[in-house]
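Visitor: Take a look at this one; I'll ask things after.
The values are calculated or read from the model by the stated rules, or taken from the named source; none is laboratory data. Note that this is a predicted model, so its numbers are computed, not measured. Positions of Cβ are generated from backbone atoms using ideal geometry, with glycine treated the same way; all protein chains shown enter the neighbour counts. Remember, those area values only see protein heavy atoms, side chains included, never the ligands or the DNA or RNA. Shrake-Rupley method; radii C 1.70, N 1.55, O 1.52, S 1.80 Å.
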Amino acid sequence: DSGAEDWPSLSPDGTSFSYVSAAAGNADIYVRRLNGRNATNLTADSPAADTMPAFSVDGRFIAFRSDRNGGGIFVMEAGGENVKKVSDQGFNPAWSADGRRIAYATEATANPANRASTSVLWVVDVTTGDRRTLSDIDAMQPSWSPDTRRIAVWWADGGRRRLKTVAVEGGEVTPVFEGDAKILYWSPVW
């Protein structure tokens with residue numbers, strides 16, 4: 001399609017993908033079948049920016065960041081139905097493998113080289129809305145491990161951008177890759 005398309009997320013069964021486009025005038029979340037020609041705008045009913053879609057592991061839901069209703073993390077069915085706010089803050093939602101929880105960071109960035117503030121890692125229970133912080137150490141773009149025990153993130157450490165994992169049930173923060181100040185390591189995916 002014409003125009004920028006951002007934040008792709010492949011469905012678990014590999015038959016479709018979601019992405020963000022401003023083709024309708026504002027940032028909306030679209031879903032398109034891999035062999036299809038037409039995309040469906042799932043968030044056309046909202047004038048707010050809807051971004052950062054992430055399919056749940058079973059493919060039934062999409063978590064996303066929205067500026068609607070004060071902003072935060074929202075969940076909807078994969079067809080766009082039953083939108084529900086699960087957190088009043090957050091960016092880059094990542095589903096746990098059991099589909100019960102979503103990890104998110106409190107800050108977003110388009111350029112990892114230009115960050116000066118600290119982002120906090122949170123986890124929210126999709127059903128109850130209970131949430132808790134996992135680490136007060138800078139954490140960006142969470143990615144949940146397949147066994148649901150750890151979350152990979154990147155963080156700013158002076159001029160470096162490093163990768164680490166955080167234990168979900170508390171405990172250690174483990175560096176994965178230290179890198180050097182000349183290379184930016186970011187956007188981890190298990």
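Visitor: Would you confirm whether or not the stretch 126-135 contains a residue that is among the small types (Gly, Ala, Ser) and open to solvent by less than 40 Å² (accessible area, probe 1.4 Å)? Give the steps one after another, and end with the answer.
Guide: At the first step, the residues of the stretch 126-135 found to be among the small types (Gly, Ala, Ser) are 129, 135.
Of the ones still in play, those that are also open to solvent by less than 40 Å² (accessible area, probe 1.4 Å) are 129, 135.
Looking through the stretch 126-135, at least one residue is among the small types (Gly, Ala, Ser) and open to solvent by less than 40 Å² (accessible area, probe 1.4 Å).
Visitor: Could you please let me know if Ala139 is closer than 15 Å to Ala54 by Cβ, surrounded by 14 or more Cβ atoms within 10 Å (Cβ to Cβ) and within 17 Å of the chain's Cα centre (by Cα)?
Guide: Judged against the criteria, Ala139 is not a match.
Visitor: Right, here's the next one. I'd like the residue in the stretch 96-115 that is modelled with pLDDT of 90 or more and farther than 25 Å from Asn69 by Cβ and, out of all such residues, is surrounded by the fewest Cβ atoms within 10 Å (Cβ to Cβ).
Guide: Asp98
Visitor: Within the stretch 144-163, is there a residue that is under 30 Å from Ala44 (Cβ atoms), open to solvent by less than 50 Å² (accessible area, probe 1.4 Å), within 14 Å of the chain's Cα centre (by Cα) and touching a residue at least 12 places away in the same chain (Cβ under 8 Å)?
Guide: The answer is yes; a qualifying residue exists.
Every residue, every condition in (1) touching a Phe, Trp or Tyr at 6+ places or on another chain (Cβ under 8 Å); (2) part of a strand (DSSP E or B); (3) modelled with pLDDT under 95; (4) of a type in the set (Phe, Trp, Tyr), yes or no:
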position	(1), (2), (3), (4)
Asn26	no, no, yes, no
Asn38	no, no, yes, no
Ile62	yes, yes, no, no
Glu81	no, no, no, no
Asn92	yes, yes, no, no
Ser117	no, no, yes, no
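Visitor: Consider the stretch 132-190. How many of its residues are closer than 17 Å to Ala108 by Cα and part of a loop (DSSP other than H, G, I, E, B)?
Guide: Total meeting the criteria: 9.
Visitor: Taking the stretch 36-52 as the search range and keeping residues that are among the charged types (D, E, K, R) and surrounded by fewer than 20 Cβ atoms within 10 Å (Cβ to Cβ), which one is nearest to the chain's Cα centre (by Cα)?
Guide: Within the stretch 36-52, the first condition is being among the charged types (D, E, K, R), and the residues that meet it are 37, 45, 50.
Now restrict to residues that are surrounded by fewer than 20 Cβ atoms within 10 Å (Cβ to Cβ): 37, 45.
On the way: Arg37: 26, Asp45: 21 Å.
Taking the candidates together, the pick is Asp45.
Visitor: Filter the stretch 116-125 down to the residues that are within 25 Å of Lys182 (Cα to Cα) and in contact with a Ser or Thr (Cβ under 9 Å, 6 or more places away or on another chain), then identify the one that is surrounded by the fewest Cβ atoms within 10 Å (Cβ to Cβ). Before you say what the answer is, go through the steps one by one.
Guide: Within the stretch 116-125, the subset within 25 Å of Lys182 (Cα to Cα) is 116-120.
Going one step further and asking which of them are in contact with a Ser or Thr (Cβ under 9 Å, 6 or more places away or on another chain), we end up with 118-120.
Working: Thr118: 14, Ser119: 25, Val120: 17.
Taking the candidates together, the pick is Thr118.
Visitor: In the stretch 3-35, which residues are within 23 Å of Lys85 (Cα to Cα), exposed (fewer than 15 other Cβ atoms within 10 Å of the Cβ) and among the acidic types (Asp, Glu)?
Guide: Of everything in the stretch 3-35, just one residue is within 23 Å of Lys85 (Cα to Cα), exposed (fewer than 15 other Cβ atoms within 10 Å of the Cβ) and among the acidic types (Asp, Glu), namely Asp6.
Visitor: Which number in (1) over 14 Å from the mean Cα position of the chain (by Cα); (2) under 19 Å from Trp122 (Cα atoms) marks the one condition that Gly80 misses?
Guide: Result: Gly80 fails condition (2) only.
Visitor: Out of Val20, Val57, which single residue is in a loop (DSSP other than H, G, I, E, B) and within 15 Å of the chain's Cα centre (by Cα)?
Guide: Numbers: Val20 fails: in a loop (DSSP other than H, G, I, E, B).
Selected residue: Val57, the only one of Val20, Val57 that is in a loop (DSSP other than H, G, I, E, B) and within 15 Å of the chain's Cα centre (by Cα).
Visitor: So, one more: Say we look at the stretch 53-95 and pick out the residues that are touching a Lys or Arg at 6+ places or on another chain (Cβ under 7 Å) and open to solvent by 20 Å² or more (accessible area, probe 1.4 Å); which of these is nearest to Val31 (Cα to Cα)?
Guide: The selected residue is Ala78.
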